[in-house]
Structures are given as structure tokens and as C-alpha cells.
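One structure is given here, and the rest of the page talks about it.
The values are calculated or read from the model by the stated rules, or taken from the named source; none is laboratory data. The structure presented is a predicted model; accordingly, all values stated were derived computationally and were not measured. Ligands, DNA and RNA are stripped out before the accessible areas are found, and what is left, the full protein with its side chains, is counted by its heavy atoms. Shrake-Rupley method; radii C 1.70, N 1.55, O 1.52, S 1.80 Å.
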Amino acid sequence: MATTTTRAACRALFTFLVVLGVSASDDFAPSPDVDTLDIKNNCSYRVAPVIAPRQGSPPLSFTPVELKGYEYLLGIPMPHGWSGRIWGRTDCSTDGNGKFTCATGDCGSGRLECDGGGGGRPAPAATVAEFALGGKGGTDTYDISLADGYNLPMLMAPYDTSHGGGQCAPTQCVVDLNSACPADQQVNASGRVVACRPSENSGSLKNACPTAKSYADVDAASASTSFSCAVVNTTYTVTFCPDNSEFDPKY
């Protein structure tokens, strides 16, 4: 069951939502090794996270929630062998019939729950964190992807909890791409640009975040845009709208 608590001193305003447990699947046999996922909303506005497992991976155990500004979702177990995609939905609302929709990152379910994440593709655009855990040689691979466009800044930072902090490299796209989005790629809501659609012919997103996976990298499976971590029992922190302190995932 989720519980809430507060951080000490400089983080006293931040709310922690702690989630325990992991669901099982008859066609999935994870190793006993487990990584952990933390999702932090450092934005001043609400963000509804999506965790979309890839085919063959089970849903992770967490309670779907629309995080308020500066709320965290902590302690989601990710078994080795799991792969999937994570993004944030923004500018969400519920109509008079109870249908939940978002201007960016929508998964098409009409509810806060995503029922598999809309096939793993956000609509019309979103910044996406991608994971494949415990692959060849037991190594995790991860990246930030702009193949589905961009809606908010994102940081993914691994932290080795079993050895006191020997951490693998973070990856990020932390610039505001909405303000520089070409007119034909813009997603508008409430009189402002809230996301930037991907384009096969535009390198604007890739140029701004060179370590992120772009539309052109999807078919090529570019190794230069993927990061790897061979450490077991790693905490992966995905942060929306990171500030400087978020580059150290201990905070």
C-alpha cells in the first residue's frame, strides 16, 4: 500500500509515494535479481507517469497516479529480464463522462490506468525513457528517446545501492525543446506549445539532445544512443524537469 512521508530540511516540501510489490506473469520468469525504479516529478505542474512493458514483459506493480508538482513515486521493483518504456503525460483532464485524456503522452485508454501503455507509443508526443534489464551478460541497457517527440525535460540516473554509490552514467535531455519546436511539429494546448512531434526529416530534436535516441536511430538501433550498466541491484531514477541536484540520484 502506498504511503506518504516528507524529506528532511531542504526537501521538506517534496512528497514521497512509496510503492512495494511486483506482479507476476505465467510467461515471464525473471531472475531473482531486482533493480528499482524511482519516478520524480520535479516539474511545477502535474505529470501522470506511464510505465509500458514491452511484449513478453509483465506490468510492474504500482498504483497509477497523477503526480502533483514535486511529488515522487518511489521503490517500484523491476526484475531482471524486464523491458519497457516510461514517459509522463501532461495537461490532463477528466470530462463530464469520466474520460481521462492528456494533451501530451496520452495512452488512449481514457483512464488514468494505461492498460499496457497504448502499445508502448505516446500520442501525440512525449519524451521517453527506455529500459532492457539483464540482457546479454546480465547487462542493463537504457536510453532517453525522442523517437516519439518531446514534451518535457527528462533525466535517467542509475545508482548502485549495493556498493554504496558506484554509479553508471546518467543520460538526459534537459533542454526546453518546446520553445524551439518548428511550427509544423508543435502540439498546442491552452494557448501554448506543450510538445514537439517527431519528424523523419528534422534533426532539431537530435541536435539539441545528441545522446538521446532520435527517429532516425530507431531502425538503425544506434549503439551511440544507448547506455549500459553491469551493476546488479541498481536504482534507476527517472526525473521529469530535473534541476542540478537531480544529477546525483541520492537526492
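Working only within the stretch 106-128, note down all residues that are of a type in the set (Ser, Thr, Tyr) and open to solvent by less than 30 Å² (accessible area, probe 1.4 Å).
Scanning the stretch 106-128 gives a single hit, Thr127.
Search the stretch 129-152 for residues being modelled with pLDDT of 90 or more and small (Gly, Ala, Ser), and hand back the single one that is most open to solvent (accessible area, probe 1.4 Å).
Going through the qualifying residues, I end up with Ala132.
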